[in-house]
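Participant: Following this message is one structure expressed as structure tokens.
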Amino acid sequence: MRVGPRPRELTLWHLAAAVTMLAVVAGAGIAWAVSREEPPDESLGALLDRVVEEGAPGVLVVVRDGGATRAEARGLADRRRATPMAADVRFRTGSITKTFVAALVLDLVADGKLRLDDPVARWVPGLVPRGNEITVRQLLRHTSGLADYVDDPRFLRAPARPWRPEELVAMAAAQPAAGAPGERFAYASTNYVVLGL
């Protein structure tokens, strides 16, 4: 990434795009790791195209493997200005801990201490609506149907406040569900807060 005197600032859309891409890649990786099947024969560029087709304004992925670095971008960095997403933009990252939470959960699965098809209610009874129907796998894949606490006005008024995880989950539970468990992909940070608990 280029470091310049004053980097272009990216909007919340950029963060959402990056997060969506991470979620798609993580979800696909988890599915492949768990199923032990061969991943679909799809290039990184084709995957990025699919993310943009699904509604993300733009995506940027940087892959470092040893000494080699590869960057690919698709879509827009700024919708209002129709600025293309590019590999040299500087942006704020978010949702980094989701990767670590997913790795820890998969380690617990590999150790036989947790199953992907365990219902949430088995581990944290009463925490979320439909906890007997929502599985660990659905939380990892963002297919639980849980709403996202970041859409709650209370959170939006004070995002920097130190929130307890249970408070965030309660905010999400008070909102309409994003769908039935397993019905569709709907990115929600709530999923990983629940996994953390």
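Residue-wise test of (1) modelled with pLDDT of 85 or more; (2) in contact with a strand residue (DSSP E or B) (Cβ under 7 Å, 6 or more places away or on another chain); (3) not aromatic (Phe, Trp, Tyr).
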| residue | (1), (2), (3) |
| --- | --- |
| Pro5 | no, no, yes |
| Leu10 | no, yes, yes |
| Val19 | no, no, yes |
| Gly58 | yes, yes, yes |
| Gly66 | yes, no, yes |
| Arg70 | yes, yes, yes |
| Leu108 | yes, no, yes |
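Participant: Which residues, counting only those in region 78-132, are in contact (Cβ under 8 Å) with a residue 24 or more places away in the chain, assigned to a loop (DSSP other than H, G, I, E, B), touching a helix residue (DSSP H, G or I) at 6+ places or on another chain (Cβ under 9 Å) and open to solvent by less than 100 Å² (accessible area, probe 1.4 Å)?
Facilitator: Met85, Val89, Phe91, Thr93, Gly94, Ser95, Leu116, Val124, Leu127, Val128, Pro129
Participant: Residues of region 133-142 being open to solvent by less than 60 Å² (accessible area, probe 1.4 Å) and over 18 Å from Asp107 (Cβ atoms), which ones?
Facilitator: Ile134, Gln138, His142
Participant: In addition: Are there any pairs with C-beta distances below 9 angstrom linking a residue in region 176-197 that is within 10 Å of Ala147 (Cβ to Cβ) to a residue that is open to solvent by 30 Å² or more (accessible area, probe 1.4 Å) and among the charged types (D, E, K, R), with the two at least 6 apart or on different chains, and if so which?
Facilitator: Ala177/Arg130; Ala178/Arg184; Ala188/Asp151
Participant: Return yes or no: is Ala172 part of a helix (DSSP H, G or I) and closer than 27 Å to Val51 by Cα?
Facilitator: Yes, satisfied.
Participant: List the number of the failed condition for Arg90; all other conditions in (1) modelled with pLDDT of 90 or more; (2) more than 30 Å from Pro176 (Cα to Cα) hold.
Facilitator: Failed condition: (1).
Participant: Out of region 56-73, which residues are under 17 Å from Ser43 (Cβ atoms), open to solvent by 70 Å² or more (accessible area, probe 1.4 Å) and either of a type in the set (Lys, Arg) or in contact (Cβ under 8 Å) with a residue 60 or more places away in the chain (or both)?
Facilitator: Matches in region 56-73: Arg70 only.
Participant: Continuing with the same structure: Could you list, in sequence order, the residues of region 143-166 that are of a type in the set (A, V, I, L, M, F, W, C), open to solvent by less than 80 Å² (accessible area, probe 1.4 Å) and without any contact (Cβ under 8 Å) to a residue 24 or more places away in the chain?
Facilitator: Scanning region 143-166 gives Phe155, Ala158, Trp163.
The values are calculated or read from the model by the stated rules, or taken from the named source; none is laboratory data. Just so it is clear, the model here is predicted, and its values are computed rather than measured. Positions of Cβ are generated from backbone atoms using ideal geometry, with glycine treated the same way; all protein chains shown enter the neighbour counts. What goes into the accessible areas is simple: the full protein's heavy atoms, side chains included, and nothing from ligands, DNA or RNA. Shrake-Rupley method; radii C 1.70, N 1.55, O 1.52, S 1.80 Å.
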